[in-house]
Amino acid sequence: MNKIYIYEDTFLNLLTLIAYLTQYHVTPTNIKTSNYSPNLFEENITLNLKNNPKIIAYLKENYSYPLKIMYYVYLSSDTNKELIIYYFYLNLQKYRHQLLNMRNLKCVSASLKISHYVQNEAHKLKGFIRFTELTNKVLYAKVNPTNNVLIILANHFKKRLPNEYWIIHDENHHLLSIYDKKNIYLINEKNLQLNLQSTSTTYEDLWCAFYDTIGIKERKNIRCQMNFMPKKYWSNIIEMRNQNEKSN
Amino acid sequence: MTLKEKLTILADSAKYDASCSSSGSTRKNTGGLGNASYSGICHSFASDGRCISLLKILMTNCCIYDCKYCLNRKSNNIKRAIFTPEEICAITINFYRRNYIEGLFLSSGIIKSPDYTMELMIKTITLLRTKYHFNGYIHAKAIPGASEPLLKKLGKLVDRLSANIELPTSASLKLLAPNKNDNAVTKIMAYVKNNHSKYYVPAGQSTQMIIGATKETDLDIMAKSESLYKSYNLKRVFYSAYIPVNHDKLLPTLQTPPLKRENRLYQADWLLRYYGFTVNDILSPDNPNFNLLLDPKADYALRHLAEFPKEINTANYYELLKVPGIGVTSAKRIIKSRAYFKITFNDLKKMGVVLKRAKYFITCNNRYCLDKSLFKKDFIESNLILENPQIHNSNLTQLSLFHE
């Protein structure tokens, strides 16, 4: 039977499991979260390991950059991410600090590529998020990222807008991050009822007017625009939402 | 006049400024609103594909000057408007809170005198920094001819302070912008360079040149850029393809702006700043303009084919950078990786090398990717040109019998 090892969907739990497997020289067929349904030749194995925070502390002290890469891979939507992290971790024991230069290893080139993709998406969304002001002065924004970048975004806005109440709603992963001028809370959208009454749209209108003016007609280049600002994000970018209505 | 009309007029007048970068500053949040991001953040992309990261506006489009190429020249009969400092602050703060922008780009037409205009700009930005505690990015245009104490004051408030050189030679400037002189602009640049510090214009300065309004060759333009980079430590020189907004017998009549030429200039600009090239490497008096079919680096490689092919496992960093298809990132990766293993063509792909261009110019462990007899200028040149999809399409339409 091919063995599929199951972890609770947290980074700490995944690392705990991987550390355990490498310690006892077990090679998993795959590592998945509990909602994975095995096929005929596979069986799910749940080890119920106790989370071991020491492992993160250890990596942070000795391998902080590789740890970062593993974390970004964990946040990605790649279907094979757990196995990639497993092999990355395994090779980290062997090659230590030289690992990141070993791009001829598949787990290294894949990890770097995926983590780059995740950071890239987070960076783009730092720009593309649009807040609206609700009647109770709270700023509210919806995002639809492919990867689970909500926590990166929340940390960015904590530094940028420390004196505002804000909520970022990740529609694709059904998560909300809420900031109360002190801390960030991550909450599943099932557990929250929101009153999304927004205030006047004066500044939204001003922004759209600005946006429509700033493009130079003689240089029109929609291909280039879409390259930088993919269409999948347009539904939550107010000036582009209006563009869609105009062209219809 | 409503605020919306004002914004439309003053954004419309500001849009020809190419610079919109918001990078290079590490301004922290000090209890107010916002911070700067060192890498810069693009918040949107306009219909022309250019990034929008700053609220790019003029304080006013009234101007006492009459520069031939400028939309806002005195003799043009257009709608004029002026923002009050409070209005600019309100728009900036409210756009910033909603994450529409990374900060403010404030330029202005000249009213009364350069000093008077600068004082108004300083008043606006002071208000933004002190009353509204705004810590976001601010890029201000210095007004040529303004006095040094004002330059000092403004530079302490903003992240980037710049002045536009507008045209590559002073002869052209005299012809098209009789009220400006390039001394006033270089004086600002020298002042900013000498005072540059963590607290004075932390993100450095940039400038802009209009391309195609006057007769300069690409060599003239690049030579000017090179000397600007050397003498004033500029972060960037922006090139702006000339778009006819006014009719004047001194100005050329162009059907479309010279965008391809602008693109080549930017490519060459990168070669100067990051790839260790000099202007003499890429252009010469016999060959003063860029090849529009090939990018400057491929063009260089074909003219210096004797230097190639380069061996990936032994060539030094600057030799690697000379290879078309290898950039700064991939060259660094190659250098780091080859200490641990011998690099093959397959590994190069994983390092981000564009093999379809690089393959003609490199060897891996003394192996050439193609047949060695094909290492000839004509063969490589035609292949590189054919790979360009735009050229490919235009060739196809030329072949069509039923051309409109």
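Values quoted throughout were computed directly from the atomic coordinates according to the rules given, and no laboratory measurement underlies them. Only a predicted model underlies this, so the values are computations on that prediction, with no experimental measurement involved. When we count neighbours, we look across all protein chains shown, and the Cβ atoms used for this are built from the backbone with ideal geometry, even at glycine.
GNM, chain A, Cα, under 10 Å: largest mean-square fluctuation among A:Val143, A:Val73, A:Val26?
For chain A, modelled as a Gaussian network with Cα springs under 10 Å, the answer is A:Val26.
Pick out which of B:Pro168, B:Pro144, B:Pro258 has the largest mean-square fluctuation in a Gaussian network model of chain B, springs linking Cα atoms closer than 10 Å.
In the Gaussian network model the winner is B:Pro258.
Most exposed first by the Cβ proxy, i.e. fewest other Cβ within 10 Å, how do B:Asp286, B:Asp182 rank? Provide the component values of the computation, followed by the final result.
Working: B:Asp286 6, B:Asp182 19.
If I rank by nearby Cβ atoms, fewest first, I get B:Asp286, B:Asp182.
As a test of the formula, what do you get for chain B when each DSSP H run with n ≥ 4 contributes -39,500 (n - 2.57) and the sum is divided by the residue count, at 222 nm and rounded to the nearest 500 deg cm²/dmol?
The helix contribution divided over chain B gives -12000 deg cm²/dmol.
Excluding residues on the same chain fewer than 8 positions from A:Lys94, give the lysines whose Cα lies under 22 Å from its Cα.
Answer for A:Lys94, where 22 Å is the Cα cut-off: A:Lys54, A:Lys60, A:Lys68, A:Lys81, A:Lys106, A:Lys113, B:Lys336, B:Lys342, B:Lys350, listed by chain and number.
In whole angstrom, note down how far apart the Cα centers of segment B:211-245 and segment B:307-376 are.
Here the two parts' Cα centres lie 32 Å apart.
Assuming a strict under-30 Å limit between Cα atoms, what lysine pair count do you get for segment B:214-317 once near-sequence pairs (fewer than 8 apart, same chain) are dropped?
Within segment B:214-317, the lysine pair count is 19.
Could you work out how far the C-alpha centroid of segment A:167-219 sits from that of segment B:64-111, in angstrom?
So the two Cα centres are separated by 27 Å.
So which residue, out of B:Asn35, B:Asn72, B:Asn179, gets the largest mean-square fluctuation from a GNM of chain B using Cα contacts under 10 Å as springs?
Result: B:Asn179 has the largest fluctuation of those listed.
Counting only other chains, what is the mean number of Cβ atoms within 10 angstrom of the Cβ of each residue in peptide B:96-104?
6
Which whole-number percent gives the relative contact order of chain A, counting Cα pairs below 8 Å spaced six or more residues apart?
Here the relative contact order equals 13 percent.
Once you have the Kirkwood Rh of segment B:34-148 from its Cα pairs, apply Stokes-Einstein at 4 °C and 1.567 mPa s and quote D in µm²/s.
Details: Rh = 15.2 Å.
Approximately 85 µm²/s, per Stokes-Einstein.
Sorting B:Ile82, B:Ile88, B:Ile188, A:Ile187 on the 10 Å Cβ count, fewest up front, what's the list? Spell out each step's value before the answer.
Details: B:Ile82 18, B:Ile88 22, B:Ile188 26, A:Ile187 13.
Ordered by Cβ neighbours within 10 Å, fewest first: A:Ile187, B:Ile82, B:Ile88, B:Ile188.
Considering Cα pairs under 8 angstrom that are at least six residues apart, work out the relative contact order of chain B and quote it in whole percent. Display every interim value, and only then the final one.
Values: 651 pairs, mean separation 43.8, N = 404.
For chain B, the relative contact order is 11 percent.
Restricting to chain B, what percent of DSSP beta bridges are antiparallel, rounded to 5?
Antiparallel bridges: around 20 percent, rounded to the nearest 5.
Quick check on the exposure proxy: order B:Asp299, A:Asp180 from fewest to most C-beta atoms within 10 angstrom.
Lowest to highest Cβ neighbour count: A:Asp180, B:Asp299.
May I ask you to list the lysines whose Cα is less than 18 Å away from that of A:Lys231, ignoring any residue fewer than eight positions away on the same chain?
Answer for A:Lys231, where 18 Å is the Cα cut-off: A:Lys124, A:Lys126, A:Lys142, A:Lys220, A:Lys246, listed by chain and number.
Taking chain B as a whole, which cysteines find no other cysteine Cβ under 4.7 angstrom from their Cβ?
Cysteines lacking a close Cβ partner in chain B: B:Cys20, B:Cys62, B:Cys63, B:Cys89, B:Cys364, B:Cys369.
If the cut-off is 16 Å between C-alpha atoms, which lysines fall inside it for B:Lys180, apart from same-chain ones fewer than 8 positions away?
B:Lys68, B:Lys74, B:Lys112, B:Lys141
Taking beta carbons within 10 Å but only from partner chains, what does the mean come to for residues A:121-133?
4
Which log10 I(q)/I(0) values does chain B give at q = 0.08, 0.15 Å⁻¹ under the Debye formula, counting every alpha carbon as one identical point scatterer?
Taking Cα atoms of chain B as identical point scatterers yields -0.52, -1.35.
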